[in-house]
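FYI, it's all coordinate maths here, none of it is from the lab. Everything numeric in this text was worked out from a predicted model, so none of it was measured. Quick reminder, even Gly has a Cβ in these numbers, built from the backbone with ideal geometry, and neighbours come from all protein chains shown.
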Amino acid sequence: MKLHRRRLWLDGREYTVVTLRPGTPIRFSTNFYHGTWHVLSDWAGARLLGRLLWGLAYQRVPGTIVLIDRPHLDLNPFDAEPADPIALVPALLTPFTHKAARDLRQRLPLRGAPDGTVRWHTHGLDTALAARRSLRDQPRGSWQAPWITPRGFTERVDRIGGLVTITATPDLLKETAVDVSTLVDYAYHGMAYTELNWPNGEVQVFRDYRERVSAAAVARREILSETDPGVEPRAAAKARAKAETETVPRAKAEANLRAEAGANAGTAAGTGAGTRASTRAGTKARTSSESLAGAEADATAKVPSRLDRDALNRLIWDRGTEVRRRRLRPGNQTSRLRTDA
């Protein structure tokens, strides 16, 4: 596997930043939910991430990090918010400070020709995957090596300087690489996940990841068109237009009624009738104005004009589910991007 390499000065220190090549057809995303940073992708993304983690465990050049940034980042598949760049950092080899992360974020996206190409070797990963699967296939009750709780620092998942960072020791990088690469073996209803530095991090993959990203983008666009404070709801706009079109005829009717009432009031016999006609005219005008104003207010209230971020994201999440169901109806089938290659 070939990757691009760049030399950057961050926080007064030289770093080797390894990135995917622009033609790599794999996409990732991130989001923060229930206090956990999620790295999101599909089956192919899980396998690629596993190889990046495995190869990083064997790096020997201080200051090496792996960066996943545009054009390999999608909007997240839940509420279509922008994803943060992802940095994979080998602990004990690369000190990655907040200042270095901020310096790197300010330079993104990295443009121009890279300083070189890296051949990313992952020798031993296939053997480790086969060993993991053989353990899974052993009969129940077979002997397994005892679990020994690691001591000291092993891994950390956090958002530093605008980057979602996964920092781990070499042993944990290799273990996580195997966990991520075998996620497809444990998928349930097209979804699988593995924990990283729980409860701080998690890798979650979906079979229909790209369809979810597309549906979330459509849902966000639809919801914002209905709730954006800068866009008047369509129902309210119709009520307002109706009120404006009826203003002139209503004014003429009121003038005629007042003239008729005045003429009737000019005769002694029609004084009481004129008063009653004038009163009815005024009452009718007020009732008409109040009903139109009430209709406009009701139409505006049907769609809230302001939503907090959590409420908006929940609406987008639910609407995204509706969009996916809508696409699965007979006659609405569209070509799907393969995500299990």
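Applying a DSSP loop filter and a limit of 11 other Cβ atoms within 10 Å to the trypsin sites (Lys or Arg not before Pro) in region 15-95 leaves 60.
Provide the gained length on full extension for the span residue 32 to residue 153, in nm with one decimal, where the gain is 0.36 nm per separating residue minus the Cα-Cα distance.
Taking residue 32 through residue 153 to full extension adds about 41.2 nm, to one decimal.
Placing a label point 7 Å from the Cα of residue 123 along the Cα-to-Cβ direction, the residues of region 57-83 with a backbone N closer than 17 Å are 57-61. For the pair region 160-216 and region 1-49, the centres of their Cα atoms are 12 angstrom apart. Shown is the FRET efficiency for residue 327 and residue 108, computed with R0 = 45 Å from the Cβ-Cβ distance and rounded to the nearest 0.05: 0.85.
In this simple spin-label model, placing a label point 7 Å from the Cα along the Cα-to-Cβ direction at both residue 221 and residue 61 gives a separation of 4.1 nm. In region 80-178, which chymotrypsin sites (Phe, Trp or Tyr not before Pro) are in a loop and have at most 13 other Cβ atoms within 10 Å, using DSSP for the loop call? Passing sites in region 80-178 are 143, 147, 153.
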